[in-house]
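The values are calculated or read from the model by the stated rules, or taken from the named source; none is laboratory data. The model shown is predicted, which means the values in this text are computed figures rather than measured ones. Cβ atoms come from the backbone with ideal geometry, glycine included; neighbour counts cover every protein chain shown. Quick note on the areas: whole protein, heavy atoms, side chains included, nothing else; ligands and nucleic acids left out. Shrake-Rupley method; radii C 1.70, N 1.55, O 1.52, S 1.80 Å.
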Amino acid sequence: MIPLSVLDLAFITEGTSAAEALHRSADLARHAESLGFRRFWLAEHHAMPGIASAATAVVIGYVAGATKTIRVGAGGIMLPNHAPLAVAEAFGTLESLYPGRIDLGLGRAPGSDQATMRALRRDPTSAERFPQDVVELLHYFEKAQPGQVVFAVPGAGLTVPVWLLGSSLFSAHLAAIMGLPFAFASHFAPDLMEEAVALYRERFEPSGRLQKPYVMLSINAVIGETDTEAQQAATSLQQHLIALRQGRPTTFPAPRRVSWNSQEQRLLDNTLRYTFVGTEKDVAQNISAFVERHRPDELLIGTPLFSQAERQKTLSGVARHLMDD
């Protein structure tokens with residue numbers, strides 16, 4: 001039994017609007033809260049027809065306002081897209097409004113394609129400054145000192161947990177030497193997960209924010225009444241992923257039978273290695289085996305399903321088997 005949290009991409013499903021997607025996210029957060037999940041995280045993606053959480057801090061505020069106790073945060077904010085001061089002010093504002101409930105996860109990817117990156121006025125070399133930008137951001141959460149010219153209001157002196165997110169060894173190493181909690185994106189980039197976690201734990205240096213390593217791993221879960229039903233529901237994620245990788249992102253598609261060629265099937269098999277699909281009992285067993293093997297300190301669970309009822313049902317099934325009452 002380990003803490004369970006939720007990753008939600010605010011999917012704009014086929015035939016619906018961004019407004020409906022955001023309302024569904026708040027509804028899912030309330031459901032997760034009622035089940036005892038620890039966190040509800042949203043991610044920054046831009047120019048994606050199927051994802052409504054581009055203005056991530058705004059969505060976090062909406063979801064936090066719709067819930068009472070669950071922590072709400074970013075999984076994550078793509079820091080090279082933003083000035084560290086602006087991020088500190090935004091999350092200082094959220095922490096001021098919802099004290100003790102806000103998380104800030106930081107990534108260094110664009111969260112978009114190259115054209116969108118330019119539209120965001122992002123410097124192509126900005127990712128290279130990621131370590132320095134993290135240090136600057138952390139500084140803005142410290143108590144302002146006499147004579148300090150630039151400080152975050154709100155933000156200075158507030159306790160906002162900061163995580164580093166990644167799908168490579170770079171962020172694992174940076175999180176270790178900075179003494180920050182680390183979340184690995186194993187739900188879509190599983191290849192380096194074990195190596196990254198081992199590196200983080202081996203090289204971790206205690207800090208004022210964290211005394212020992214803390215790892216959160218992300219997975220996907222799709223639960224159906226039968227295995228056939230679950231496999232059919234999982235075709236939505238498969239279609240979404242293939243379209244994205246082929247450079248034609250769409251709204252999140254309805255389940256439908258699709259025949260993949262061998263190259264597409266290999267991509268799906270590898271990328272979705274930690275997407276667990278099946279009946280409630282089978283999914284719970286597979287997640288338990290994953291936890292037993294990799295020993296994360298916390299699990300971040302995505303429910304990439306077309307149906308809101310099936311998302312809720314999947315979270316309920318996972319909680320029923322894996323959450324300590």
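Scanning region 199-233 for residues that are exposed (fewer than 14 other Cβ atoms within 10 Å of the Cβ), in contact (Cβ under 8 Å) with a residue 40 or more places away in the chain and not in a loop (DSSP other than H, G, I, E, B) yields one hit, 227. Close Cβ contacts (under 9 Å, 6 or more residues apart or on different chains) running from residues in region 4-18 that are touching a residue at least 40 places away in the same chain (Cβ under 8 Å) to residues that are β-branched (Val, Ile, Thr) and surrounded by fewer than 19 Cβ atoms within 10 Å (Cβ to Cβ) comprise 14/250. Considering only residues that are in a loop (DSSP other than H, G, I, E, B) and in contact (Cβ under 8 Å) with a residue 24 or more places away in the chain, which ones fall in region 131-156? Hits for region 131-156 are 141, 150, 152, 153, 154, 155, 156. If you go through region 157-188 and keep only what is in a loop (DSSP other than H, G, I, E, B), out of contact with any Asp or Glu (no Cβ under 7 Å at 6 or more places or on another chain) and open to solvent by less than 20 Å² (accessible area, probe 1.4 Å), you end up with 180, 181, 185, 186. Within region 254-268, the residues that satisfy the criterion of being in contact with a Phe, Trp or Tyr (Cβ under 7 Å, 6 or more places away or on another chain) and over 21 Å from residue 189 (Cα atoms) are 254, 255.
Condition first: outside any helix (DSSP H, G or I), touching a Leu at 6+ places or on another chain (Cβ under 9 Å) and closer than 20 Å to residue 300 by Cα. Can you find one or more residues in region 265-273 that meet it? Yes, region 265-273 has at least one match.
The single condition from (1) in contact with a strand residue (DSSP E or B) (Cβ under 6 Å, 6 or more places away or on another chain); (2) touching a residue at least 12 places away in the same chain (Cβ under 8 Å); (3) open to solvent by 20 Å² or more (accessible area, probe 1.4 Å) that residue 318 fails is (3).
Here's the yes/no breakdown for (1) charged (D, E, K, R); (2) at pLDDT below 95; (3) within 24 Å of residue 95 (Cα to Cα):
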{"residue": "7", "(1), (2), (3)": "no, no, yes"}
{"residue": "14", "(1), (2), (3)": "yes, no, no"}
{"residue": "20", "(1), (2), (3)": "yes, no, no"}
{"residue": "26", "(1), (2), (3)": "no, no, yes"}
{"residue": "29", "(1), (2), (3)": "no, no, yes"}
{"residue": "38", "(1), (2), (3)": "yes, no, yes"}
{"residue": "41", "(1), (2), (3)": "no, no, yes"}
{"residue": "48", "(1), (2), (3)": "no, yes, no"}
{"residue": "56", "(1), (2), (3)": "no, no, yes"}
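Residue check: is residue 107 more than 23 Å from residue 48 (Cβ to Cβ) and not basic (Lys, Arg)? Before the answer, list the steps.
Values: more than 23 Å from residue 48 (Cβ to Cβ): no; not basic (Lys, Arg): yes.
In short, no.
Screening region 1-115 for helices (runs of 4 or more DSSP H) wholly inside it with 3 or more residues that are open to solvent by 40 Å² or more (accessible area, probe 1.4 Å), of a type in the set (Gly, Ala, Ser) and farther than 30 Å from residue 317 by Cβ returns no ranges. In the set 307, 259, 288, only one residue is surrounded by fewer than 20 Cβ atoms within 10 Å (Cβ to Cβ), among the hydroxyl-bearing types (Ser, Thr, Tyr) and out of contact with any helix residue (DSSP H, G or I) (no Cβ under 9 Å at 6 or more places or on another chain); that residue is 259. Determine whether residue 128 is acidic (Asp, Glu), at pLDDT below 95 and either surrounded by 11 or more Cβ atoms within 10 Å (Cβ to Cβ) or in a loop (DSSP other than H, G, I, E, B) (or both). In short, yes.
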